[in-house]
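Novice: One structure is given below, represented as structure tokens, and several questions about it will come after.
Here, each number is a calculation from the coordinates, and none is a lab measurement. Keep in mind it's a predicted model, so treat the numbers as computed, not measured. FYI the Cβ positions are ideal-geometry reconstructions off the backbone, even for glycines, and counts take in every protein chain you see.
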Amino acid sequence: AVRIGVVAVQGNVSEHVTAIERAAAATGYDADVVEIRESGTVPECDALALPGGESTTISQLLAREGIDEEIVAHAEAGKPILATCAGLIVASRDAQDDRVETLDILDVAVDRNAFGRQVDSFEAGLDVRGLDDPFHAVFIRAPAVDDVGDGVEVLASWDDRPVAVRDGPVLATAFHPELTDDYRLHRLALFDRLPVEA
Ligand code: GLN
């Protein structure tokens, strides 16, 4: 079985667990999905989800528990990570906010509440590179990507701003793919990139 970790210090954890279990079933993988609240588990994981929530809180808890360095090592080893919303902010190079200590595994700068200042939440049908049909994207106080590094591929944009990006093993979305029944992005980010076949 492959082991997929959901970083569970704060935020939308159970929805990711469900989405990953469904994506695993669809791809034929036998997956153990584990919730991560302390150090020691990330090194045993083949892939990780870094959920949304509150990026200032998540980054502080990751540092306090010593999970931050483990996630960086996981990314440096080329193992897949799906980061969503606050997870994207935490993964970024620069959150443009001193209260967020970023992991710098995703070469983008982020505008933390880019859309939130205008409207708290919205939904949109997004064309996403790598998916055949539009993805129904739920945005909640969503960040936008401001500045994209050379190695970063933009997978989707909204309002001329990147909202889904990929940097090597890290796929990140400003929206919440775990809040719909559509697990295609979990599949694309996690299972389609595993080095071992189902
Ligand atoms: N705006 C939040 C933050 O900065 C993210 C919101 C979310 O994850 N839904 O952490």
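Novice: Run through the DSSP bridge list for the stretch 2-191 and note the antiparallel percent, rounded to the nearest 5. Could the numbers behind the result be given before it?
Specialist: Details: 19 of 37 bridges.
Looking only at bridges with both residues in the stretch 2-191, the antiparallel portion is about 50 percent.
Novice: How long is the gain from Arg161 to Ala109 if the chain were fully straight, where each residue apart is worth 0.36 nm and the alpha carbon distance is subtracted? Each step should come with its number before you reach the end.
Specialist: Details: separation 52, 0.36 × 52 = 18.72 nm, distance 1.20 nm.
Length gained, Arg161 through Ala109: 17.5 nm.
Novice: Just flag the GluC sites (Glu not before Pro) in the stretch 107-198 sitting in loop per DSSP whose Cβ has no more than 16 other Cβ atoms within 10 Å. Walk me through the numbers before you get to the answer.
Specialist: Numbers: sites: Glu123, Glu153, Glu178, Glu197; in loops: Glu197.
Passing sites in the stretch 107-198 are Glu197.
Novice: Return the FRET efficiency for the residue pair Ala77, Asp30: r is the Cβ-Cβ distance, R0 is 22 Å, and the value is rounded to the nearest 0.05. Please list the in-between numbers first.
Specialist: Working: r = 22 Å, r/R0 = 1.00.
Efficiency, from the Cβ-Cβ distance: 0.50.
Novice: Relative to a virtual label point 7 Å from the Cα of Asp147 in the Cα→beta-carbon direction, which members of the stretch 63-95 show backbone nitrogen distances below 13 Å?
Specialist: So the set is 93-95.
Novice: Also, I was wondering about something else. Computed FRET efficiency, Cβ-Cβ of Ala63 and Glu197, R0 45 Å: what is it to the nearest 0.05? Numbers along the way, then the final one.
Specialist: Values: r = 36 Å, r/R0 = 0.79.
FRET efficiency, Ala63 to Glu197: 0.80.
Novice: Counting Lys +1, Arg +1, Asp -1, Glu -1, what net charge surrounds Arg22 among other residues with beta carbon under 13 Å of its beta carbon?
Specialist: Values: positive: Arg184, Arg187; negative: Glu15, Glu21, Glu178, Asp181, Asp182.
With Lys, Arg at +1 and Asp, Glu at -1, the neighbours total -3.
Novice: Hey, another quick one. Let's test the formula: R0 of 25 Å, r as the Cβ-Cβ distance of Glu123 and Thr18. What FRET efficiency results, to the nearest 0.05?
Specialist: Values: r = 19 Å, r/R0 = 0.77.
For R0 = 25 Å, the calculated efficiency reads 0.80.
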